[in-house]
1. Enumerate the calculated ³J(HN,Hα) couplings along the stretch 64-71 in order (Karplus 6.51 cos²θ - 1.76 cosθ + 1.60, θ = phi - 60°), each rounded to whole Hz, writing x wherever the residue is Gly or Pro.
2. Which of the GluC sites (Glu not before Pro) found in the stretch 1-79 are loop residues per DSSP with 11 or fewer other Cβ atoms within 10 Å of their Cβ?
3. Where in the stretch 77-106 are there trypsin sites (Lys or Arg not before Pro) that are in a DSSP coil and have at most 16 other Cβ atoms within 10 angstrom of their Cβ?
4. State which entries of 62/105; 43/92; 27/54; 62/92; 54/92; 54/116 exceed 18 angstrom in Cα-Cα distance in the structure shown.
5. If you wrap a convex hull around the C-alpha atoms of the chain and split its volume per residue, what is the figure in Å³?
6. Provide the three semi-axes, in whole Å and in decreasing order, of the ellipsoid equivalent to the stretch 6-51 as defined by the square roots of 5 times the Cα gyration tensor eigenvalues.
Amino acid sequence: MSDRGYLDLTYLRDVDRHGGGFIVRGKTDLNPRVITAFREDGKPIPSSKNRDLKAIVSKLPKQQRAELEVEWRIEGEPFRLRLIVSWNPKTKSFCYLLTNLSQDKYTIEMICLGYKLRWQVELLFKEWKS
C-alpha cells in the first residue's frame, strides 16, 4: 500500500507481473482510459466506456462509490487496474484508489477499508517516532 505521492505505474505493473497485490491512492490528475464503469449498486455509468477518465468525471456518482476498469499503455502494452472512486464532501473532490486485487475476492468496501486501516498504521508509526 502506498500514498498518491508514490504512484509509479511502471513499478505497479512490475509488482503485478510478479504476483504482488497493491492498493494505491491516486492523484486527481489521473487520466486512464475507462474500459467499464459501474456504480457501487451495480448499475452502469452511462457513456463511460472507452473514454478518458477526465471526460466522464462529471458523470461519476457522489452519493455512492464507483468501480471502473481502467487501462494505461506502458511501453506499448496495456496495463489494466481497478479504480475505486468515492466523493469526499469535505474536500469536494473525488478520492481514487487503484488496485490489482481481484473483484471476486475483494469488494469495494474491503478495498476502501484496507486503505483506511493503512492510514491508522501510518499514524501509529508517526507516534512511535516522536
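Values in this text are rule-based calculations from the coordinates and carry no lab data. Since we're looking at a predicted model, the values are computed, not measured. Please note: Cβ atoms are built from the backbone with ideal geometry, for glycine as well, and neighbour counts cover all protein chains shown.
1. In residue order, the calculated couplings are 8, 6, 10, 10, 10, 9, 10, 9 Hz.
2. Sites meeting the loop and neighbour criteria: 75.
3. 90, 92, 105
4. Over 18 Å Cα-Cα: 62/105; 43/92; 54/116.
5. Cα convex hull per residue, to the nearest whole number: 126 Å³.
6. 25, 13, 11
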